[in-house]
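Data first, discussion second: the structure below is written as structure tokens.
The values are calculated or read from the model by the stated rules, or taken from the named source; none is laboratory data. Predicted, not measured: the structure shown is a model, and the values here were computed from it. Cβ placement follows ideal geometry from the backbone for every residue including glycine, while neighbour counts extend to all protein chains displayed.
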Amino acid sequence: MGKLNKKEKIGLLVFILAANVALILGLDYSGLGGNVSDVDRLPDGSTLVTNTDWFDIITFQHLNPQRIYKLDANNEVVWEYWGTAFPHEIILLETGNYLCADTAHERAFEIDPTDNTIVWEWKPENINWTKVNPAWGEDHYYNNPIGFDWTHLNDIEIRDFGTYNACLISIRNFDLVVEVNYTADKEFWTANEDNDPDNVIWWYGDRGNYDLVNHQHNPDYIDDDSIIIADSKNDRIIIVNKTTKEITWEYGDEQGANLDWPRDADLLPNGNLLITDSFHHRVFEMNMTTLEIEWEFSKILCNAYEADLLPNGHILIGDITIIELDENLNVVWRYGISFPQMLIYLNFGFIALLELRRIIQLIRRGKKQEWEHDNKSNHIKWLVLYSVGFSLSILFIIYYNVIYGIIGSVFFRPFV
């Protein structure tokens, strides 16, 4: 047996492609491979997670149910719900229910985890947006659903205002953040299975007016009258006064921020900001007064979506896997399988096996010198380039953004 003939080469290529597809489908089916948008540590030590499977990123997510789930301290899934599509956010309510931003289903909803019953739902398509703002007439984008990813509703938060609770909802493709009277609207929905535009009590943004926000993520309450927003496509973090709708603080290009698609910013107890700078594949803490970066973590991040400070001082990051860092930025817990790493390992493995097969054949035929000669040439270099190139090509097709983070992550363990 010598070099592969044409038929064998075609068969080998088909086998490698099939193995890559099997890896993708296997991770998709298992739920371990994916892209984590939101991860929250609960008071009992369990962890809430939203997960988007890699294979579904390049398909219509509304045709591929995805899950939100809860892990216990032993990494066991103790609750899950598969009725979501591209979920981006999940939060625990005082009642024990969960609020979820169900992005590809163009809705936010509340679920009772004891029986997985939906007890409230809010959909932009149910709102007559002209009643919210007369400038948004019947021909406005907000009043004309266009199908898949019309809204890209990507976040929901809740705040107790004493006499009522309100939800802050981010509608990314509207370039709009709205505040909904959750108490009143839940009562309305329970009676009518509909939403009342009168319960939209505040809004900020206007599609196409990018001086306000542009494809924002993770707006959050700082206090009753201040909202912090990751203004992603404008590459900045802003704080908006609710009463005046004026920007009272900004961290962007004019302040030398050098951000690229930031998707989360949390105000820390010490007055600093914890920022997730997604396309620069980093999470960092910044002093809001001096604008100095206190620390930065990036070496194994591919597509970080958000980061939270835990009560014990650790940092919990939603990325391709879930990562927990201690105070010294050491990884102390990791959950999930890093799909980019697995893809590269798989193809490197194929190349190694093929080369081992060739070495054995040459040694058996007494042609060890031929292999040594090949090594002195560019043979090994081209094998390595093929393996990396093949893997990156598949990754690019699936989700181009992860490529930037692979170099730093491929040398670390891909498993839990």
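Farther than 19 Å from Arg41 by Cα, touching a residue at least 40 places away in the same chain (Cβ under 8 Å) and of a type in the set (Asp, Glu): does that describe Asp224?
yes
Going by the structure shown, is Asp194 touching a Phe, Trp or Tyr at 6+ places or on another chain (Cβ under 8 Å), surrounded by fewer than 17 Cβ atoms within 10 Å (Cβ to Cβ), in the same structural domain as Glu121 (by the TED database) and assigned to a loop (DSSP other than H, G, I, E, B)?
Details: touching a Phe, Trp or Tyr at 6+ places or on another chain (Cβ under 8 Å): yes; surrounded by fewer than 17 Cβ atoms within 10 Å (Cβ to Cβ): yes; in the same structural domain as Glu121 (by the TED database): yes; assigned to a loop (DSSP other than H, G, I, E, B): yes.
Considered against the rule, which asks whether it is touching a Phe, Trp or Tyr at 6+ places or on another chain (Cβ under 8 Å), surrounded by fewer than 17 Cβ atoms within 10 Å (Cβ to Cβ), in the same structural domain as Glu121 (by the TED database) and assigned to a loop (DSSP other than H, G, I, E, B), Asp194 comes out as yes.
Restricting attention to the range 249-270, which residues are without any contact (Cβ under 8 Å) to a residue 40 or more places away in the chain and surrounded by 13 or more Cβ atoms within 10 Å (Cβ to Cβ)?
Listed by number, the residues that qualify are Trp249, Glu250, Gly252, Gln255, Ala257, Leu259, Asp260, Trp261.
Within the range 304-317, is even one residue within 22 Å of Ala257 (Cα to Cα), touching a residue at least 60 places away in the same chain (Cβ under 8 Å), assigned to a loop (DSSP other than H, G, I, E, B) and among the small types (Gly, Ala, Ser)?
The answer is no, given that none of the residues of the range 304-317 is within 22 Å of Ala257 (Cα to Cα), touching a residue at least 60 places away in the same chain (Cβ under 8 Å), assigned to a loop (DSSP other than H, G, I, E, B) and among the small types (Gly, Ala, Ser).
Could you check, for the range 339-351, whether at least one of its residues is in contact (Cβ under 8 Å) with a residue 12 or more places away in the chain, surrounded by 21 or more Cβ atoms within 10 Å (Cβ to Cβ) and assigned to a strand (DSSP E or B)?
no
Against the definition (free of Cβ contacts under 8 Å to residues at least 40 places away in the same chain and assigned by the TED database to the domain that holds Gly137), how does Tyr204 come out, yes or no? If you could, list the steps in order and put the result at the bottom.
On the way: free of Cβ contacts under 8 Å to residues at least 40 places away in the same chain: no; assigned by the TED database to the domain that holds Gly137: yes.
Answer is no for this residue.
Could you check, for the range 238-245, whether at least one of its residues is assigned by the TED database to the domain that holds Asp326, under 24 Å from Cys302 (Cα atoms) and crowded, with 20+ Cβ neighbours inside 10 Å?
No; the residues of the range 238-245 include none that is assigned by the TED database to the domain that holds Asp326, under 24 Å from Cys302 (Cα atoms) and crowded, with 20+ Cβ neighbours inside 10 Å.
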